[in-house]
Amino acid sequence: MSLRSCAVVASGLLAFGSQALAAETDARLAEAAQREDRAAIRTLLKQPAGVNAPQADGMTALHWAAYFDDLETAKLLVAANANASARCTASSGRPVRQPSWKSCTSCVRP
């Protein structure tokens, strides 16, 4: 493989990797879930918005869905591969273990 070909492949990999990293550090989805803005959540799930991207305190969109006992949003997020085991640095909680915040019995099904 020529040096030029290697450079092209490397730049493509870097672009892909940076796009994936940006998606996982983009907290817009978690912020929309915090606002309970289901329209924004649906729109962001169609983009590389990072379904598991946490806010500064570690809260993800799925944490917020569990907090608000929002089964519909939780189902959307799980279907988009949200991590139900993600730890929140603010509460040390996981989305599937959030009933201590509220009675989130509809979301807390392992």
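The values are calculated or read from the model by the stated rules, or taken from the named source; none is laboratory data. Keep in mind the model is a prediction, meaning the values are calculated, not measured. Here the Cβ is made from the backbone with ideal geometry for all residues, glycine too, and neighbour counts use every protein chain on show.
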Sort out which residues of segment 64-99 are modelled with pLDDT of 90 or more, in a helix (DSSP H, G or I) and either crowded, with 19+ Cβ neighbours inside 10 Å or at positive phi (or both), and write them in order of number.
Trp64, Ala65, Thr73, Ala74, Leu76, Leu77
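Filter segment 23-49 for residues that are part of a loop (DSSP other than H, G, I, E, B) and of a type in the set (A, V, I, L, M); which is modelled with the lowest pLDDT? Walk me through how you get there before you give the answer.
From segment 23-49, those part of a loop (DSSP other than H, G, I, E, B) are 26-27, 35-37, 46-49; that's our starting set.
Filter once more, keeping what is of a type in the set (A, V, I, L, M): 27, 49.
On the way: Ala27: 92, Ala49: 72.
Per the criteria, the residue is Ala49.
Buried (at least 16 other Cβ atoms within 10 Å of the Cβ), hydroxyl-bearing (Ser, Thr, Tyr), modelled with pLDDT of 50 or more and assigned to a helix (DSSP H, G or I) - does that describe any residue in segment 9-22?
Within segment 9-22, the subset buried (at least 16 other Cβ atoms within 10 Å of the Cβ) is none.
No, every residue in segment 9-22 fails to be buried (at least 16 other Cβ atoms within 10 Å of the Cβ), hydroxyl-bearing (Ser, Thr, Tyr), modelled with pLDDT of 50 or more and assigned to a helix (DSSP H, G or I).
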